[in-house]
Amino acid sequence: MGKWDDCIDGTPLHPESLMMSYGYKPEWSEGALKSPIFQTSTFVFRTAEEGKEFFEIALGKREPGPNGMGLIYSRLNNPDLEIAEDRLALWDRTEDCALFDSGMAAITTAMLAFLRPGDVLLAAEPIYGGTHHFMEWMLPQFGIEVVRFRSSDSAKDIEARLAGATGSLGFVMLETPANPTNALFDIEMIAGVAARHSTDDRKVPVAVDNTFLGPVFSHPTEHGADIVLYSATKYIGGHSDLIAGAALGANEWLEPIRTFRTLLGNHATPWTGWLLMRSLETLPIRMERQQQTAGKVADYLAEHPKVLKVNYLGHLQPGDHQHDLYERQCLGPGAMISFEVEGGEPGAFRLLNALHLVHLAVSLGSTESLAEHPYSMTHSEATPEENEAAGVTAGLVRLSVGMEHPDDLVLDLSQALDKI
């Protein structure tokens with residue numbers, strides 16, 4: 001499937017407009033305004049010669065024509081996936097996008113596409129628990145060493161950590177803002193470290209999990225990242241009704257990832273692609289509304305006597321050590337808040353158990369507000385010592401602000417804080 005007109009009389013259209021039609025023509029489907037669900041495993045070739053051509057393109061034996069690779073089999077390509085991929089790439093301003101059946105599928109496939117036995121993975125901390133477990137438990141079984149760094153580390157600090165490793169740097173993985181502390185990492189500085197460890201024969205890719213801010217409030221490739229990763233389950237999907245992941249970047253980085261996706265068979269389904277198309281149409285409206293509400297909720301929490309600390313990007317002030325980085329790297333603070341309450345884990349549990357409007361559940365970025373306890377839930381893969389050192393304390397609560405009225409969310413949090 002090919003690329004499509006994205007301008008009128010030479011004037012480029014905005015992603016908000018292109019989400020409605022980009023990558024699809026109604027005449028393909030009896031004039032249907034919206035793309036149907038292409039619920040098929042295989043596609044019919046018009047001729048044997050065409051089938052040969054499509055396979056040669058798929059296997060890299062010839063360059064694709066202006067319309068790209070033809071449809072072969074839904075493990076390789078599917079109209080719903082291709083349309084959703086084309087549209088998501090518009091938001092991140094990247095050449096290519098590959099959709100997966102979960103965020104972890106996107107993350108692990110990207111790592112496996114580039115890492116080899118004897119390599120070193122440089123990874124930020126804190127990081128999502130599933131990613132942490134894969135790095136610390138699975139990758140060492142493949143002979144891959146993991147070196148960790150924090151947002152407070154300088155390039156010199158990171159180089160010192162790498163100097164103690166036995167292998168060569170093969171991949172860099174970070175989240176910014178970090179889950180769940182909202183700590184920001186300097187992508188440009190870290191990309192500089194990767195460049196110093198790259199050679200003409202092998203470049204070291206920098207991958208950024210951009211789930212917290214999404215493609216509305218952050219564009220990591222504009223700051224030196226090579227690969228952008230998402231749990232598309234979160235803000236991109238946004239309705240708690242699908243599981244998906246995404247990897248985006250230039251063609252040179254996405255081609256190996258797509259190859260591994262084909263071999264592993266962990267692509268998203270046509271149903272998921274169709275649901276993501278629906279969600280992409282409202283992505284900026286949802287995220288901007290959630291961001292506005294989160295600011296009001298964070299302000300309330302910051303003034304409450306039982307709240308010891310609030311981690312919210314919108315509260316960074318000039319002079320804060322991360323404020324300049326926020327101004328340079330982010331387009332908005334988003335709608336993720338974490339806050340520490342009195343009483344450690346018992347205090348956090350009392351608050352969580354008392355919530356009515358906010359749901360006690362993991363995940364984030366959906367229309368409903370969700371709260372959870374990272375120390376014992378999403379980040380329990382890490383040791384208590386690792387969590388405490390990274391700011392994931394026993395009293396920390398993570399709050400994903402949804403689409404509810406801000407006054408009602410404050411009311412719910414107020415009565416729950418009274419229970420501590």
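Restricting to DSSP H runs of at least four residues, report the calculated mean residue ellipticity at 222 nm for the chain, -39500 (n - 2.57) per run over all residues, nearest 500 deg cm²/dmol.
Working: 15 runs with 151 residues, N = 420.
Mean residue ellipticity, 222 nm, calculated: -10500 deg cm²/dmol.
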**Prompt:** How far, in degrees from 0 to 90, does helix 187-196 lean away from the longest principal axis of the Cα atoms of the chain, to the nearest 10?
**Reply:** 60 degrees
**Message:** Between 0 and 90 degrees, rounded to the nearest ten: what's the tilt of helix 79-92 against the longest Cα principal axis of the chain?
**Reply:** 50 degrees
**Asked** For the chain, what relative contact order do you get, as a whole percent, if you take Cα pairs closer than 8 Å and at least 6 residues apart?
**Response** 16 percent
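Counting DSSP beta bridges in the chain, what percent are antiparallel, to the nearest 5?
Numbers: 27 of 47 bridges.
That works out to approximately 55 percent antiparallel.
Give me the extension gain from Asp241 to Arg116: residue separation times 0.36 nm, minus the current Cα-Cα distance, reported in nm with one decimal.
Numbers: separation 125, 0.36 × 125 = 45.00 nm, distance 3.54 nm.
41.5 nm is the gain from fully extending Asp241 to Arg116.
Contour minus end-to-end for Ala195 and Ser168, with contour as 0.36 nm per residue of separation and end-to-end as the Cα-Cα distance? Spell out each step's value before the answer.
On the way: separation 27, 0.36 × 27 = 9.72 nm, distance 1.26 nm.
So the extension gain works out to 8.5 nm.
Working out 0.36 nm times the residue gap between Glu368 and Lys61, then minus their Cα-Cα distance, what length gain in nm do you get to one decimal? Can you show the working numbers first?
Working: separation 307, 0.36 × 307 = 110.52 nm, distance 4.76 nm.
Going from the current span to full extension adds 105.8 nm.
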**Asked** If each of Glu385 and Asp5 carries a label point 7 Å out from its Cα toward its Cβ, how far apart are those two points in nm?
**Response** 6.4 nm
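Sorted by mean Cβ packing within 10 Å, highest first, what order do the peptides 298-304, 337-343, 287-293 take?
On the way: 298-304: 17.1, 337-343: 22.4, 287-293: 18.9.
Highest mean packing first, the order is 337-343, 287-293, 298-304.
Could you order the peptides 213-222, 30-39 from most to least packed, using the average number of other C-beta atoms within 10 Å per residue? Write out the running numbers ahead of the final one.
Values: 213-222: 22.4, 30-39: 13.4.
Highest mean packing first, the order is 213-222, 30-39.
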**Request:** With label points built 7 Å along Cα→Cβ from the Cα atoms of His356 and Ser29, find their separation and express it in nm.
**Result:** 4.2 nm
**Request:** Give the angle, between 0 and 90 degrees and rounded to the nearest 10, that separates the Cα long axis of helix 344-354 from the longest principal axis of the Cα atoms of the chain.
**Result:** 70 degrees
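Bear in mind these aren't lab numbers, they're just calculated from the coordinates by the rules spelled out. Keep in mind that what you see is a predicted model, and the values were worked out from it rather than measured. No Cβ is skipped: glycine too gets one built from the backbone with ideal geometry, and neighbour counts run over all protein chains shown.
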